[in-house]
Structure formats: structure tokens, C-alpha cells
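The values are calculated or read from the model by the stated rules, or taken from the named source; none is laboratory data. Nothing here was measured: the structure is a model prediction, and the numbers come from that model. Note that we place each Cβ from the backbone using ideal geometry, even for glycine, and neighbour counts take in every protein chain shown.
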Amino acid sequence: MVTAHTSNDKTRDSNVHEYLSFLVGGQDYCVDIMQVREIRGGAKATTLPHSPDYMRGVINLRGTVLPIMDLASRLALDTETDGDRNVIIVVAISDRIVGLMVDAVSDILAIAEDDLQPPPDLPADQQRNFVSALTIMENRMIRVLDLTAVLPSQDEEAA
Amino acid sequence: MTIQVLAVDDSRTMRDMVRLALTSEGIQTHLAEDGVHGLEVLDEISPPDAIITDINMPRMDGFGFIDAVRTREEFRSIPILVLTTESASEMKARAREAGATGWIVKPFDPAKLVKALRMVAG
Amino acid sequence: MSDPMAEIKASFFVECEELLESLQDGLQVIYDESDDEETINVVFRAVHSIKGGAGAFGLDTLVSFAHKFETTLDEVRSGRLKAEGNVLKLFFTCGDMLGDLVREARDDETHDEARLEPVVNDLEKLIGTDEVTGEQTNIEFEVTALSLDLDIGTPEDAGLGSDPAWRVSFTPSSLLYANGNEPQFLFRALRDLGEIEVTCETPDLPHLAELDPEHGHMSWVISLKTNEAKDAIREAFEFVEDLCQLDIAQSQDQPPGLGNLPPADHSGTDEPMATMGGDADLPAPPDEITSDTDATSDEVHPSPASGSDVPTADARPDPQDLEPASAPPPPIPSDPSAPNARRGQNNATPKATVRVDLDRIDRLVNLVGEIVINQAMLSQSVEAVGIPPNSPVRTGLEEFQQLTRDIQESVMMIRAQPVKSLFQRMSRIVRESSADIKKDVRLRTEGENTEVDKTVIERLADPLTHMIRNAVDHGLESNAERETLGKSREGNVYLSALHRSGRVVIEVRDDGAGINREKVLAKAIEKGLIPPESQLSDGEIDNLLFLPGFSTADEVSNLSGRGVGMDVVRSSIQALGGRVSIHSEPGEGTTFSISLPLTLAVLDGMVVRVEDETLVIPLNAIFETLAVSSDDLRTFGPSTHVINIRDTFVPLIDLGTELGYRSPLGDYTGGVVLLIGQEDGLSAAVIVDSIEDQRQVVIKGLQDSYGRVPGIAAATILGDGQIALILDPADLIAQASGRTKPYSAVDPCNHPSDGTTLEVREW
């Protein structure tokens, strides 16, 4: 299902990093592949009371409690395609592990640092905070997700 | 040649150190926590070639232990080295009186402990 | 594997903690009861052993302090000093200081000389400077580390003709043998110094019939060629110096040939001597000695005579065989079955304890947790396929379940520790904090052998420290005040631990003035924590102390006012699955009760369902369960209900509403009510849809993966693999809105917007 898109000479270049791209709310995003632990199908999450809307709850990931975040909701994107979003990307950020619920996983991309451009500074968009860079691939704009920003800090209060 | 030694000390650290010093030289080492325990161990093992004992211990101190060992016919000639931080001469005299063979002051040099043992026990 | 010395060193620090504990214990006994001889000995030995070990590792600061402390304690031991009053106080301080030095040494930290100095000065005042200087050399000797009182010279190249020749004459007294010495071993030590030749003289030898084998009758003359100094030769006789006649003198050159005697006039003694040949009549076959001490021969020649004397020749090590059949008779095994006795050598090793890395235990705990879950899943599937209850499969599974529980309990036991160490830390807190503010305070502890999970103990230290400081600082009156009130001048702080229905209850109590409720209330109003016109019960006022932001600024001293309030204490205890409650009587004091789970790993819970969600409620929080009949329900306020339980009205709480799963139902007839009780007597009737099961669950923390969720203590994994949340009943009730009637206006459904929205404190 996932095909490598990379030409060999590119991966050898130290300035090239691999990214997992996925679809959420109809938009293209990607995350550094080094931060991805696994990809799994959706499971019935146990609701966490008093949690922000974008927290779907927790699921059992082989004995550990894995919080699941509805990424579309977190990014304030169109959430109409609810039923389709049943893929969970398990990511690790520092010592925390979180599942990101997305529409679908698309590809593994090799992107050279030179091909990344900084996101425009548009204060009206809250999601500006969650994108660390942009790139163009086959005429599609792909956002590099800033995972650290997506995960609220441990003391951030409910939205 | 295998020497068998009984070391009596209430400090686990000291027991560990003595055991390390001796076993690394191929000396078989039995350990006991105090005088009373030392006598019990003596009854369980074949007579050791030498005994090393601390002085200041609960239940039965080193003097009492040496004394008790020496009153037993079968242990009368076992060399007993006192291994203690005490270095006062009256303490030495008391240990000698009780029947101690030699006196080594802690902290000890493992090599020298072994040497002293070989000197008294062959 | 790792360095054995490093391991011993690590084990030394562990032993130090044990010794420090018995030191503390001993001082406490002296303080509470009496300074009987044995207790003082215990204290002395603890310090002594720490000093001994520290010396071995060259921990100079520790050695020198321990030595001063030990010397002072010795004064007490010998009756020259009395362990009471300020002296005893100093001992406590020294104990604390010693503990600090041990930990600093362990953690490779530098220590604060300035802090140590006054204590050392106080010690020196007690033992006098004479004593100190007198012992100083001793200390220095010891801290040079790893030196031996007896210094056996290293073997020099023997046989160098140019080495000076010595003549050693040696006449052992009978005591020499009685003390387990053996002349031939002394000769061997000399042999290590150089080339030797030993001759034996027997002028005093009695007739064979009168020969007492216990008695030494012989003298030896040893000629030795060595370039070692006289002291080195003397040192070989270190152990026997006072048990023999010894004379060491330099002889005039001439390398003595075998059998040649050094001329008597060079010997420095007037005693005649004779060369010993091999003589079968003699107890000690001197030829063996000569050959054995021959510098060229390292071979040991066993004596056939002694060899046959020993019944257990095979089991006996060589040196026994080597022993001449002379004065000291060969040891006789105490037991005819001596060869078998070797099997017992493992028993001889003292107390079988193993030090285990905590990670390994935790891994085991986790694995056992997984087994429990797995077993539950298996049971569930077996039941699901319809296997009848008494079939072998079901019976086997039940046995498996029992075994799993037993294993789990045993594993938990590994992590359990007595709270004693924690209590001892608190006793230091009391000593230090009371001294700082010049109050006389005595800490009385009870139940220090109560065992609790290690992690619980560790994480309890901070909140407990704060509570103890509070008690000393705010709880107790000043000495003078107490005296005016007719109380004992010395204030008391009580610290106790006990097991109560599957939990451990820790109490901090003082016999001080009690909470000044007027002041607390005023402060809370002033800080805007409660509305000015609030009418609060005594209990409610006391509980204001736990409010975030409640800090009675004018009471903040340098002790407890460290920016930590009781709210932090409460949340850290809650994080442990515990609860804290307060009870105060004016003029009599204040009690804080902490109730904690015994372990952080498992929990007996009731599995309930509400609005399609499955939750676990800790069993120990549930007093009783009952079905709701319409007769019992009473409307209380516009939004709330109470339930009549045997003529007591208890507030009704809809779990589904409080957790935001649904809006209030309004009619709860037919629902199931769980009566929840708390330490402070507050209770509530929590309504759920149904009770599913009652079982032990493995606790999975939410804190690390998600953060704290109000009203929720943790999570667990049920038999079907789904995660269920474990309720924190006290927190739920404390924060509950109590709304049980539908919203009159627009129904905000999943959002209880009646002002009770609980904030997520952590992500």
C-alpha cells in the first residue's frame, strides 16, 4: 500500500529526509519518518472525560494506554469525512507516544532540505503553529507537521 | 593449595571485601556475621585453616569468639587473625590473651591479608 | 560482569543506609527510654562499621567524621559521658551529618565543610582536644588506606651473596602455639626476605615421656641474608613478638654453608646451640623445616605422620598435611562426618538476600499484570464459547486464576518496604525545623514496620515533609504559649502508619492549637477563593487549606512557606491514588490522614457501565450498592436530588453527567446506586446504569501518556482488550456538580456547561 518514491541517489544525500505523508481533512501533510512508530487501523477508543474535543480517547496498544488525537479536529480542518478516518499513525515525540487519527496514509517521500520552504506567516490561521515547512510534490502542497506543536504541552489547558 | 578460611564480621561490606580478597586468591571463604554465627558455621564446615575475625560485633564480640574457639580442643591450633579498625595496644593485648594469632588493622590491603594468612596458615 | 570492587562499594552504601537506620533507632531508644549499654553499643557499632568500610574505600572525610563521632560515643560507652540533653541532640545531628556524608560520598558530591565544622567543633568540645590529637595519627594512618599493621616485606632477590647476614634467635613460649602460631610459617616469611638457614636447638627438651606437645621446648636460630632492614625482619615476628624470646642481630658476613653454624660470638646471645639433624624422636622433624624453608625449593613436603593422623585426609587442604606433628596437634574435625559437612557451606553464608535492580522487578510486575489481563481475556472467551462451568477447562482456568493472583501478590511483596526509612527522614525534619524556630518538639512514631510499595514510599516523602513542617511550624504553639495554656512545654507530633482494609493509612497529628478557622475563613475570603458571605461548616473551612492559592502569607516562615501549599500536597497524594483529609479540634490539635493504596499496580474494583462506557470503581470506596426506588428519591434543589438511605439524605450524583457522557436524566428510578464513602465521612450516592463485574484490575497510569483527568485515577485493560477508566471517587465527588435534572433551556448535551466544567490541569 505504501510505495517508496525515492531514487537511490537522493536518499544517500544527507540533506534528504524521509517523510510519511498522509491525508487529513482532505489535505496533504507529512511527518518525519523517524518519529513514526507504527501505523494501525482504528479501534474503539475509550472516551476521556473532560478532554478537549480533538482527543478521541485512549486505546489499548499491546498493553499500553495510547491516547488518540483526531488530527482533523486538532487542525480545525473539515471533519465531514468522519467515517473514513480510520487510520492511526503512532508517533513518538520525546518520551510520549500518541496516536494520530488521519484519513489515510499516502506515501513515503524523500524531501531534500533545500526543497522545503518556511510556511507563510498568516496570523489568522491557528494552524500556522502546526506547520513547520512546506514543499511541493507533483503539484500538490504538502505541509510538514510540527508534532511538538500539535501535542499540547502537559500543562496546557483544555481548548 | 587450597586454604579454607572462616571470616567473621558484622559488616556486610567487610565480609564482601574479605571474600573478594581471598576467593580471588583461590582461598575458600566461609562467612559469619558475629561470634555466635561464627561458632555455628565452625560446626558446619570442616575445621578451617585459619579464622579472621572482627572485634566489635553484636551478640558475641571477637574476644568472646576467640575465647570460645580456643576452648574447643579441635580448634585450639587454628590460627586466628583479628581484623579490626582498633589499633590500641591494650586491645591487641586482650585479643592476644584470648588467643589471637595476629592482628591486622582495617582498612586492609587484600594482598597483605592473603600474605598474612599464608604466613599463619601456610 | 562488572567490577567486583564497585559492586562491593555499592553494597557498602546500601549497608550504610541500614547502619544509619539502626543508628537512628538506637538514638531514638536512648531518647525515649534509656541509654542501656547494648543500645549504646549498637549505635557505636553502626558508626564503627561505617568508618571501617569508608576507610576501605578511602573516603577520608567520612572516615574522619565517623572517627570523631565514634570516639565521642566511646566516651558514653565507657561511662565518662552521658547521652542526654544537648549531648544526645548533638548525636542526632551527627547521625544526620553522617548520613549526609555517606550520601555525598555515594553520589560523588562535594560536601559543605561549613556545615560540618560546627558539629565537629561540638564533638571536639566533648572529647577534648587531647583525645583528638591523640587519635589523629591513628586516623591518618587509617585514611592512607589499604595498609596493613603488619608489613611483610616483598621478597627480594634471594641468594645475592652481597646481602648482609642476620642472625635471628627465636625461642617461642608455649603461648605462641596456644595462639595458633606455627614457627615454620614464620620461617617462610623470613625466607621471603632472603636466603635463610634454620637450625633448631633443644637444650630444654624434656624426656619423651614428659613431653607436653602443647609446650614449646625448642629454640631456633635462623641465619638470614637479606638487604631488608632489621624492622622488616622484626615485622615477620609481628604477631609473636610478645610470645617468644627474639633476638635479631647482624652477623659478620661469611655465607654459611649448609649445616654450618654462625659462630656463637657473633650471635649476640650466649645460649649454646646444636644443629638439629633429622631425629625421629623429635616432635618436629627439623629436616622438613630446613627443606621447606630452603629458598630454592617451593615444594611442600607433606609429613606422612601428620597426614595419617587426619582422618579426612582427602578433604583436607594441603597445609594441614604440611603441619608438623609437633606441639600443636593437628585439628580434629568436630564431627566424624566432617567430609559431608562441606555440603553445609552454603548455609554458612549469612542471610540469603539478593539485591535486584528495581527495573527487573518492575518488568516482572508488568509481565504479571499482562498475565492477569490475559487470563481474564481467556476466561471471557472460554465463557463465550459456552463451555459449562464445571468442565475441566473451566476448573483448570479457575486454578490458573488463583495461581495468577498468588504470583501477583508475591511479586508485589518484593516491592513492599516498611515505612521506617520514611519516618526516620521525618524525624530529622522535625529536629531541624523545630530547632530553626526554637520550639521543643518531639516526634512520636507508630507502625513504622507497616509495609507499602516502594514507589509510594518514595513519592510520599515530599508531601509528608511538608505536612510535618506545617505541624511543627503552624500546628504547634510556641514553648511559652504552651506553658501558659497548661500544656507540656514540648510539643508533640505524631506520625503513624497502619493497614486498614487494603489500604495504608498514614496520620500526621499535632497536639497544637488546632486550625484557626476564623483566620482561615477570613483569608479565603480576602483571597477571593470563596464569596464573602459564605456560610461554611467547620469541616469545610478546614478543607479550605487544600485550595490552590491558599497560602497564609503572614504565617509563612522560612520553613513551610516554600511556595508549596497544601493543594500541592493533596494533588501529589492523589497522584498516588491516595486521599488526604483533615480534622482539627480547637486547642487540641490537627490531624491529617492520608489513605493510600498498598500498591500502585493492582486494584480491586467494581466494573460498571454508564451510557455505553465501562468504568472501574475502586471497591474500597464503595460502602454498599442498591437499586433506586422512586420512594427514596427526593428533589432537593432546582437541579439536584438527594436519596434517602435509612433516613440519611445523601446527594445523588449521576456518573454519566459528571463525566460528560450524557445530560442529566431527571428520572433515575431503576438505576443502580453505589454509596461512596470517604475518610472525612462525606459521601455520595453515585448512580450508574448497571454493575457488570467485580474483579482485580491492573492499573495503567494515564499520567505519563496523557495527563491527569479530573475524577479519573487511572486506566486498565479489561478482558475484551478495551481500556476502561478507573474512577477516583473522592476527586469525582469533590468536583461534582450534583446536577441530576435536565437543563431547562437549550440542552448542551455532552457539555455540562453549568459552571462545573472541569478543567484539564494537564494535557
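For the structure I just gave you, tell me whether C:A684 is touching a helix residue (DSSP H, G or I) at 6+ places or on another chain (Cβ under 8 Å), over 18 Å from A:L48 (Cα atoms) and assigned to a strand (DSSP E or B). Working first, answer last.
Working: touching a helix residue (DSSP H, G or I) at 6+ places or on another chain (Cβ under 8 Å): yes; over 18 Å from A:L48 (Cα atoms): yes; assigned to a strand (DSSP E or B): yes.
It is true that C:A684 is touching a helix residue (DSSP H, G or I) at 6+ places or on another chain (Cβ under 8 Å), over 18 Å from A:L48 (Cα atoms) and assigned to a strand (DSSP E or B).
Which ranges mark the helices (runs of 4 or more DSSP H) fully within the range C:410-498 that have 2 or more residues being farther than 24 Å from C:L23 by Cα and assigned by TED's automatic domain parsing to the domain that holds C:S581? Walk me through how you get there before you give the answer.
Details: elements: C:420-436, C:454-470, C:479-484.
Ranges flagged: C:454-470, C:479-484.
Inside the range C:641-677, can you point out the residues that are in a strand (DSSP E or B), touching a Ser or Thr at 6+ places or on another chain (Cβ under 6 Å) and of a type outside the set (A, V, I, L, M)?
Once the filter is applied, which keeps residues that are in a strand (DSSP E or B), touching a Ser or Thr at 6+ places or on another chain (Cβ under 6 Å) and of a type outside the set (A, V, I, L, M), the range C:641-677 yields C:H641, C:D654, C:G677.
In the list C:K527, C:K487, which residue meets the criterion of being surrounded by 15 or more Cβ atoms within 10 Å (Cβ to Cβ) and modelled with pLDDT under 85? Step through it out loud before you land on a result.
On the way: C:K487 fails: modelled with pLDDT under 85.
Within the list C:K527, C:K487, the selection yields C:K527.
For (1) within 14 Å of another protein chain (Cβ to nearest Cβ); (2) surrounded by 19 or more Cβ atoms within 10 Å (Cβ to Cβ); (3) of a type in the set (S, T, Y), each residue gets a yes or a no:
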| position | (1), (2), (3) |
| --- | --- |
| C:F592 | no, yes, no |
| C:T599 | no, yes, yes |
| C:E611 | yes, no, no |
| C:L615 | yes, yes, no |
| C:S639 | no, no, yes |
| C:I645 | no, no, no |
| C:G656 | yes, yes, no |
| C:G666 | no, no, no |
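Where the second residue is at pLDDT 80 or above and not small (G, A, S) and the first is outside any helix (DSSP H, G or I) and surrounded by fewer than 16 Cβ atoms within 10 Å (Cβ to Cβ) and lies in the range C:105-125, which pairs have Cβ atoms under 9 Å and are six or more apart or on separate chains?
C:E109/C:R103; C:T110/C:E104; C:D112/C:D100; C:D112/C:E104
Across the range C:363-388, what is the total count of residues that are under 13 Å from C:F400 (Cβ atoms) and in contact with a strand residue (DSSP E or B) (Cβ under 8 Å, 6 or more places away or on another chain)?
Adding up the residues that qualify gives 2.
In a helix (DSSP H, G or I) and at the interface with chain C (Cβ under 8 Å from one of its Cβ atoms): does that describe B:R118?
Numbers: in a helix (DSSP H, G or I): yes; at the interface with chain C (Cβ under 8 Å from one of its Cβ atoms): yes.
Here the answer is yes, as B:R118 does meet what is asked.
For the structure I just gave you, tell me whether B:T71 is more than 9 Å from chain C (Cβ to nearest Cβ) and among the hydroxyl-bearing types (S, T, Y).
Working: more than 9 Å from chain C (Cβ to nearest Cβ): yes; among the hydroxyl-bearing types (S, T, Y): yes.
Taking the combined requirement at face value, the residue satisfies it.
Can you say whether C:V76 is away from every other protein chain (no Cβ under 14 Å), hydrophobic (A, V, I, L, M, F, W, C), assigned to a helix (DSSP H, G or I) and on the phi < 0 side of the Ramachandran plot, as far as the supplied structure shows?
Values: away from every other protein chain (no Cβ under 14 Å): yes; hydrophobic (A, V, I, L, M, F, W, C): yes; assigned to a helix (DSSP H, G or I): yes; on the phi < 0 side of the Ramachandran plot: yes.
When the stated conditions are applied, C:V76 passes them.
Here's a check for you: in the range B:34-63, which residue that is charged (D, E, K, R) and under 11 Å from the mean Cα position of the chain (by Cα) is nearest to the other protein chains (Cβ to nearest Cβ)? Give the derivation first.
Pass one, the range B:34-63, residues charged (D, E, K, R): B:34, B:40, B:43-44, B:49, B:54, B:59, B:61.
Adding the requirement that they be under 11 Å from the mean Cα position of the chain (by Cα) leaves B:34, B:49, B:54.
Details: B:D34: 9, B:D49: 5, B:D54: 8 Å.
Checked the range B:34-63; the qualifying residue nearest to the other protein chains (Cβ to nearest Cβ) is B:D49.
For the range C:636-659: of the residues being touching a residue at least 60 places away in the same chain (Cβ under 8 Å) and either hydroxyl-bearing (S, T, Y) or not assigned by TED's automatic domain parsing to the domain that holds C:P710 (or both), which is farthest from C:I622 (Cα to Cα)?
Ranking the qualifying residues of the range C:636-659, first place goes to C:S639.
So C:G58 fits all but one of (1) in contact with a Pro (Cβ under 6 Å, 6 or more places away or on another chain); (2) not in a helix (DSSP H, G or I); what number is the exception?
C:G58 satisfies all of (1) in contact with a Pro (Cβ under 6 Å, 6 or more places away or on another chain); (2) not in a helix (DSSP H, G or I) except (1).
Can you tell me which condition B:H30 does not meet? The list is (1) touching a residue at least 60 places away in the same chain (Cβ under 8 Å); (2) closer than 30 Å to C:V14 by Cβ; (3) at the interface with chain C (Cβ under 8 Å from one of its Cβ atoms), and all the others hold.
Just one mismatch for B:H30, condition (1).
Could you grab the pairs with beta carbons closer than 6 Å, sequence gap of 6+ or different chains, first residue in the range C:702-715 and facing chain A (nearest Cβ under 7 Å) and in a loop (DSSP other than H, G, I, E, B), second one buried (at least 19 other Cβ atoms within 10 Å of the Cβ) and polar (S, T, N, Q)?
none
Does the range C:732-748 contain any residue that is closer than 30 Å to C:Q375 by Cβ, at pLDDT 80 or above and within 14 Å of another protein chain (Cβ to nearest Cβ)?
Step one: filter the range C:732-748 for residues closer than 30 Å to C:Q375 by Cβ, giving C:732.
Those left that are additionally at pLDDT 80 or above: C:732.
Now drop any that are not within 14 Å of another protein chain (Cβ to nearest Cβ), which leaves C:732.
Yes, the range C:732-748 contains at least one residue that is closer than 30 Å to C:Q375 by Cβ, at pLDDT 80 or above and within 14 Å of another protein chain (Cβ to nearest Cβ).
Could you figure out which of (1) surrounded by fewer than 21 Cβ atoms within 10 Å (Cβ to Cβ); (2) in contact with a strand residue (DSSP E or B) (Cβ under 8 Å, 6 or more places away or on another chain); (3) assigned to a helix (DSSP H, G or I); (4) polar (S, T, N, Q) isn't true of C:Q401?
The failed condition is (2).
Against the condition over 23 Å from A:L116 (Cβ atoms) and modelled with pLDDT under 90, how does A:R40 come out, does it pass? Don't jump to the end; show me each part of the working.
Working: over 23 Å from A:L116 (Cβ atoms): yes; modelled with pLDDT under 90: yes.
When the stated conditions are applied, A:R40 passes them.
So A:V90 fits all but one of (1) out of contact with any Ser or Thr (no Cβ under 6 Å at 6 or more places or on another chain); (2) modelled with pLDDT under 90; what number is the exception?
Of the numbered conditions (1) out of contact with any Ser or Thr (no Cβ under 6 Å at 6 or more places or on another chain); (2) modelled with pLDDT under 90, the odd one out for A:V90 is (2).
Note down all Cβ pairs under 7 Å where the first residue falls in the range C:1-21 and is within 9 Å of chain B (Cβ to nearest Cβ), the second is exposed (fewer than 14 other Cβ atoms within 10 Å of the Cβ), and they're at least six residues apart or on different chains.
Correct list of pairs: C:S11/C:R355; C:V14/C:R355.
Test C:G26 against the stated conditions and say whether it is in a helix (DSSP H, G or I) and within 12 Å of chain B (Cβ to nearest Cβ). Break it down stepwise before answering.
On the way: in a helix (DSSP H, G or I): yes; within 12 Å of chain B (Cβ to nearest Cβ): yes.
Yes: the conditions hold for C:G26.
Out of the strands (runs of 3 or more DSSP E) lying entirely within the range A:23-102, which hold 3 or more residues that are free of Cβ contacts under 8 Å to residues at least 60 places away in the same chain and either farther than 23 Å from A:I136 by Cβ or within 14 Å of chain C (Cβ to nearest Cβ) (or both)?
Details: elements: A:27-32, A:36-41, A:55-61, A:64-70, A:87-93, A:96-102.
Those strands (runs of 3 or more DSSP E) span A:36-41, A:55-61, A:64-70, A:87-93, A:96-102.
Go through (1) farther than 21 Å from B:R59 by Cα; (2) surrounded by fewer than 21 Cβ atoms within 10 Å (Cβ to Cβ); (3) under 21 Å from the mean Cα position of the chain (by Cα) and name the single condition C:I8 misses.
Just one mismatch for C:I8, condition (2).
Given the options C:A471, C:A513, C:A480, C:A497, name the one that is loosely packed, with under 14 Cβ neighbours inside 10 Å, among the small types (G, A, S) and out of contact with any helix residue (DSSP H, G or I) (no Cβ under 7 Å at 6 or more places or on another chain). Spell out how you get there, then give the answer.
Working: C:A471 fails: loosely packed, with under 14 Cβ neighbours inside 10 Å; C:A513 fails: loosely packed, with under 14 Cβ neighbours inside 10 Å; C:A497 fails: loosely packed, with under 14 Cβ neighbours inside 10 Å.
So the residue among C:A471, C:A513, C:A480, C:A497 that is loosely packed, with under 14 Cβ neighbours inside 10 Å, among the small types (G, A, S) and out of contact with any helix residue (DSSP H, G or I) (no Cβ under 7 Å at 6 or more places or on another chain) is C:A480.
From the set of residues in the range B:93-109 that are surrounded by fewer than 20 Cβ atoms within 10 Å (Cβ to Cβ) and part of a helix (DSSP H, G or I), which is farthest from the other protein chains (Cβ to nearest Cβ)?
Of the residues in the range B:93-109, the ones surrounded by fewer than 20 Cβ atoms within 10 Å (Cβ to Cβ) are B:93-94, B:97, B:109.
Filter once more, keeping what is part of a helix (DSSP H, G or I): B:93-94, B:97.
Values: B:A93: 8, B:R94: 13, B:E97: 9 Å.
Per the stated criteria, the residue is B:R94.
Go through the residues of the range C:33-47 one by one and say whether even a single one is within 14 Å of chain B (Cβ to nearest Cβ), crowded, with 24+ Cβ neighbours inside 10 Å and in contact (Cβ under 8 Å) with a residue 40 or more places away in the chain.
Yes, some residue in the range C:33-47 is within 14 Å of chain B (Cβ to nearest Cβ), crowded, with 24+ Cβ neighbours inside 10 Å and in contact (Cβ under 8 Å) with a residue 40 or more places away in the chain.
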